[in-house]
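The values are calculated or read from the model by the stated rules, or taken from the named source; none is laboratory data. Owing to the predicted nature of the structure, the values given are computational and were not obtained by experimental measurement. Note: ideal-geometry Cβ built from the backbone for every residue, glycine included; neighbour counts use all protein chains shown. Accessible surface areas use protein heavy atoms only, side chains included; no ligands, DNA or RNA. Shrake-Rupley method; radii C 1.70, N 1.55, O 1.52, S 1.80 Å.
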Amino acid sequence: MTAHVRPDTIERLALPRRLVGRRSAYRFAVGQLVASGDMLAVVTERRKTAAGREMYDVTVMGADYGRPHRTFLGDGLVAAN
């Protein structure tokens with residue numbers, strides 16, 4: 001019989017070593033300023049696809065682009081300084 005437990009209630013150290021997953025870091029933090037080409041945006045949300053790729057929801061800075069909320073793959077963004 002399999003016990004179903006919510007992942008946020010499990011102690012990571014209580015699991016067998018082979019079941020302890022690695023916590024992968026994201027390239028960009030929520031609230032970070034990013035760029036795609038000449039368009040500047042702020043990261044509002046991030047998630048991973050089923051294939052493990054990073055997806056970011058961003059809010060575009062400025063009204064010239066028509067659509068203020070967009071979604072990008074992590075490969076299409078760079079950190080803006």
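Residue 71 contributes an accessible area of around 80 Å² to the protein surface, as traced by a 1.4 Å probe with all chains present.
The residues 55, 61, sorted by heavy-atom accessible surface at 1.4 Å with ligands and nucleic acids left out, run 61, 55 from largest to smallest. The residues 75, 38, sorted by heavy-atom accessible surface at 1.4 Å with ligands and nucleic acids left out, run 38, 75 from largest to smallest. Summarising the label geometry, the points placed 7 Å from Cα in the beta-carbon direction at residue 73 and residue 35 lie 2.2 nm from one another. Residue 46 contributes about 90 Å² of solvent-accessible surface, heavy atoms of the protein only, 1.4 Å probe.
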